[in-house]
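Structure first, commentary second.
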Amino acid sequence: MELIPEWAPNIHPILVHFPIAIILLAVLMDLLNFFLPDKWWDDLKSTILYSIGAVSGIAAYYTGTLAADSVFLPSGAQSVLNEHADWALWTVWFFGIYAVLRMLLHWYQKMDQQAVRIGLFALALPGVFFLYETGDHGAEMVFGFGAGTGQLIEQQSTASVPTDSLQQGESTFTVSDNGNWSWEVGPNGVSTLLSRFRWLEGSASELQPTVVNSGNNHLLKVSVDSTSNFFVGKDSLQNVQVDYYLDLSDFEGDISLVNHVQDAQNYDFVTLSSDGTVSQGRVSGGNREVFAEESYSASGILFIRTVGNGTHFRGYINKEMVVHGHGDAPEAGSVGLKLNGTGTILIDRLTLTQLN
């Protein structure tokens, strides 16, 4: 018998119901204990339930972090995932400390005092609210966005209808009235690069941008030498998801997908290195701090997604999360690319989505 059934993407949806049921049962029995005789139920039994609930909550939380790293999410679910994870962490801490407090009161024989029992019951109620919020956001991810079901739902709204569209032959840069934008490279992709991006290091001429054909697609080809080239969009954005479609087969070095860029010395990054490592972190005052680092293996046109949302930062390659770091919430800034190395890079498409 396999631990994880074939229908389950991971073990989290199996374990998550245990802390919910056990903690709610503990609270219910804690309330009934005011009216039941001790021979039927007592405070020690409630404490045991709270302790089991706290331990199962820890298991659910850590399997949840693994689940989040294994499931590809639509853009609308990114903020919901952050809320779900934050509420879950607060719930785990709350009931972990609460269970220890109850055990200490048993140890020092204080549980026979009615004021202590009433106070403990009242103290448990905020934890029930934390538990509710955790479950509510988890359910929204599954039933609202199809997370883990194999049927991802991308939320669309009337606000996403393009209101500013720059048509350049088959090259289209569309901007929605909610600030989202998408660039599909076409025959005149070079002019889009020059008009929509600004340079913090190097220059467009150093990249020698040209448009090349690949089947029915047009790709923007940029050539990189040993000098650094750093260009970003002109808008300042807070919580963002950026999708890049890039071919790095003929490039040796580091390519950084950057966001929250204040200047060349202050920005967040997801960096892919030709040695097969991907890192996520922040450059602050010119000092580089890595929040997460992993290895990856992929070739050809890569779909790379970077997410910077509050204190959570994620990087996906071909719909698989490869890095998930945490840091202080950044200030609003630009998004773009920083190139360090030699060779050529092919750009197929870039899409930016603002997150709630």
Exercise. Given (1) free of Cβ contacts under 8 Å to residues at least 60 places away in the same chain; (2) in a strand (DSSP E or B), where does residue 308 come up short, assuming only one miss?
Worked result: (1)
Exercise. Quick one: how many residues across the range 311-337 are buried (at least 18 other Cβ atoms within 10 Å of the Cβ), assigned to a loop (DSSP other than H, G, I, E, B) and hydrophobic (A, V, I, L, M, F, W, C)?
Worked result: 0
For this session: Collect the residues in the range 325-341 that are polar (S, T, N, Q) and out of contact with any Ser or Thr (no Cβ under 8 Å at 6 or more places or on another chain), keeping them in residue-number order.
Result: none
For this session: Inspect all residues belonging to the range 135-143 and state whether any of them is under 29 Å from residue 85 (Cβ atoms), at pLDDT below 95, surrounded by 12 or more Cβ atoms within 10 Å (Cβ to Cβ) and touching a Ser or Thr at 6+ places or on another chain (Cβ under 8 Å).
Result: yes
Exercise. Mind checking which pairs have a first residue in the range 69-84 that is under 22 Å from residue 57 (Cα atoms) and modelled with pLDDT of 80 or more and a second that is hydrophobic (A, V, I, L, M, F, W, C) and in a helix (DSSP H, G or I), Cβ under 8 Å, 6 or more apart or different chains?
Worked result: 80/141; 80/145; 81/68; 81/141; 84/141
Exercise. From 158, 174, 149, 65, which residue is at pLDDT 85 or above and either under 26 Å from the mean Cα position of the chain (by Cα) or hydroxyl-bearing (Ser, Thr, Tyr) (or both)?
Worked result: 174
Exercise. Of the conditions (1) over 21 Å from the mean Cα position of the chain (by Cα); (2) farther than 23 Å from residue 173 by Cα, residue 281 fails just one. Which one is it?
Worked result: (1)
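The values are calculated or read from the model by the stated rules, or taken from the named source; none is laboratory data. Only a predicted model underlies this, so the values are computations on that prediction, with no experimental measurement involved. FYI the Cβ positions are ideal-geometry reconstructions off the backbone, even for glycines, and counts take in every protein chain you see.
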